[in-house]
1. Does VAL317 meet the test of being surrounded by 21 or more Cβ atoms within 10 Å (Cβ to Cβ) and part of a helix (DSSP H, G or I)?
2. Working only within region 225-247, note down all residues that are among the aliphatic types (A, V, I, L, M) and either farther than 30 Å from GLY504 by Cβ or surrounded by 16 or more Cβ atoms within 10 Å (Cβ to Cβ) (or both).
3. Do any helices (runs of 4 or more DSSP H) entirely within region 471-568 hold 3 or more residues that are open to solvent by less than 40 Å² (accessible area, probe 1.4 Å), and if so, which?
4. When both residues are 6+ apart or on different chains and their Cβ atoms are under 8 Å apart, which pairs have a first residue that lies in region 248-270 and is touching a residue at least 12 places away in the same chain (Cβ under 8 Å) and surrounded by 12 or more Cβ atoms within 10 Å (Cβ to Cβ), and a second that is outside any strand (DSSP E or B) and of a type in the set (Ser, Thr, Tyr)?
5. What are the pairs with Cβ atoms under 6 angstrom where one residue, in region 334-351, is open to solvent by 40 Å² or more (accessible area, probe 1.4 Å) and modelled with pLDDT under 90 and the other, located anywhere, is part of a helix (DSSP H, G or I) and aromatic (Phe, Trp, Tyr)? Sequence gap at least six, or different chains.
6. As an exercise: evaluate ASP391 against (1) in contact with a strand residue (DSSP E or B) (Cβ under 8 Å, 6 or more places away or on another chain); (2) on the phi > 0 side of the Ramachandran plot and give the number of the one condition it does not meet.
7. Of all the residues that make up region 61-96, how many are more than 30 Å from the chain's Cα centre (by Cα) and either within 28 Å of ASP18 (Cα to Cα) or of a type in the set (Lys, Arg) (or both)?
8. For region 30-78, name all the residues that are among the acidic types (Asp, Glu), without any contact (Cβ under 8 Å) to a residue 24 or more places away in the chain and out of contact with any Ser or Thr (no Cβ under 9 Å at 6 or more places or on another chain).
Amino acid sequence: MDRPKAPVFNPRRSRLGDVLVSKGLIDDAQLAKALELQKTSGRKLGRALADLKLVTEEQIAEVVADQLGLRFVDLVHHRLDPQLVLALPEVLARRYRAIVLDRLSDGLLVGMVDPADMLGFDQLSRSLKSHIVPAVVTEGALLAAIEHIYQRKDEMASFAREVAADIGDGVLTLAGLENNASADEAPVLKLINSIFDAAVTRGVSDIHIEPQERALQIRFRIDGVMQVQSTPDSRVAGALVQRLKLMSSLDIAEKRLPQDGRFRVKVGSATLDVRISTLPTQFGESVVMRLLVQDTARMKLDRLGLPEPILARLRAVLGASSGMVLVTGPTGSGKTTTLYAALAELNTPEVKIITVEDPVEYRLPGLNQVQVNEKVDLTFARVLRSCLRQDPDVVLVGEMRDSETAEIGLRAALTGHLVLSTLHTNSAAATPIRLRDMGVAPYMVALGVRLVIAQRLVRLICAHCRSEVDAAAHEREWLGDDSGHTRAWRGTGCSACHQTGYAGRTAVYEMVEMTPELVHLANADDPAGFAAQAQRAFAEHTLRRHVLALVAEGRTTLAEAMRVGSGL
């Protein structure tokens, strides 16, 4: 079947600003404002208009396409052929803001942000060795598509080859590393910059650098799921790991023992706190870096997605002068974010707050934050005892790791302090029972714990490619009695979500508040009775109910609801 013929490239003389005014998309005053920004910033008029939020990128692209007699292609809904896209080298795709869209009967259809760039047009023609027909695409969608398909692999591979060439077959010396560390153009530094640039662009939470027998595997965790980013030559591993250890003030001579550290890095406009962990493996040191964006504006309770009844009870308990609030869930479920959102609400000049953490993840002004260091016997229990003599109103304990820490925290909660902490349990109802299993006296658990919130993170369906589907047989079986009340949705995959069908995550929650009846059952030696009564008392505020509500709203999938764990 013949593909569509190429459109005619027919520039017109009308200026972009005049066309936008004539179409009623902006007025003369707004155009003047954008032109002034264009003069001072050097940006193109379309970019200035979009930055001022006077028009959308799509509106500008459609007008430009109409001016030039070209097609406008919405990349969010356009199915790209990765092999065809990769015919254009990544460096040219990024430089000229272009992407190969389709094969035509007489050449290639190439999406460009600025099709009037004749120099770029000529360079693309020479590189592709084909007649090309330009189409107009938006810059945001283009960059998202480039990140998905290229994933900076060409860039990383190029820098990795430079590192390997510098190292040769020998061993990188400390002196050589220190000399390179001060050179901005050092290949290893360019490789690190490329990794962090890609990580920030794609919303990565963790970077994994894993040496294999014949390659170095670099993987990203995006929305909780691991994705391979690059696999450069294994010779790169030593130089890359040593440079990262220098950045985080770790001992580069020690390769036999695990090490932990942190450093801060600025990538574009984002400032990241990076927690780094090294682990000796069979083929070298594995490195995992957790990226923490220091954006305190996002740490607000009403932005976390807490159901209104849970949010109201949490705020009521936070207003008390004593008691313990526990947040439970697996590693990486957002417990620390929830606690810091609570601290941000409590953080006023009238309230003294001390945190005891390992490590300190977020920095908030006005807080007294203590880093646990077990190497010098600065344990949770020891710091907690000392900080209670500092006259705090609120104490945050990073984790109830042992019975001693739990007992000291609960004594503080019973003696006029508000204590916030985390604990690893499968459900909110299991938390008081877990504290008793740790050896804490039943009366302390019953009287000290005020509220328990359990949470998980679930991926959200991409809003650009969401569609309704029939639930699979195993999904209907999992739903059980709820099968008649839930519609099923999924994402088909598009450039906006990197073909995954998901974009972003949100938390689901459940809550147990210690009512007088639950206090009585917690005091009695009846764990099963306590758990059963807790489930009955707060049946509408469970993880399962919350995630099913998200499924019914079309915000997440049944597969994702099932994936997050048996606690649902």
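The values are calculated or read from the model by the stated rules, or taken from the named source; none is laboratory data. These numbers come from a predicted model, not from an experiment. Every residue, glycine among them, receives a Cβ derived from its backbone with ideal geometry; neighbour counts consider all protein chains shown. SASA here: full protein model, heavy atoms, side chains in, ligands and nucleic acids out. Shrake-Rupley method; radii C 1.70, N 1.55, O 1.52, S 1.80 Å.
1. When the stated conditions are applied, VAL317 does not pass them.
2. Residues satisfying the conditions are VAL236, ALA237, ALA239, LEU240, VAL241, LEU244, LEU246, MET247.
3. 516-523, 527-537, 543-552, 558-563
4. Going by the 8 Å Cβ cut-off, the qualifying pairs are GLY261/SER248; GLY261/SER249; ARG262/SER248; PHE263/SER248; PHE263/SER249.
5. Pairs found: none.
6. (1)
7. 11
8. Passing the criteria: only GLU36.
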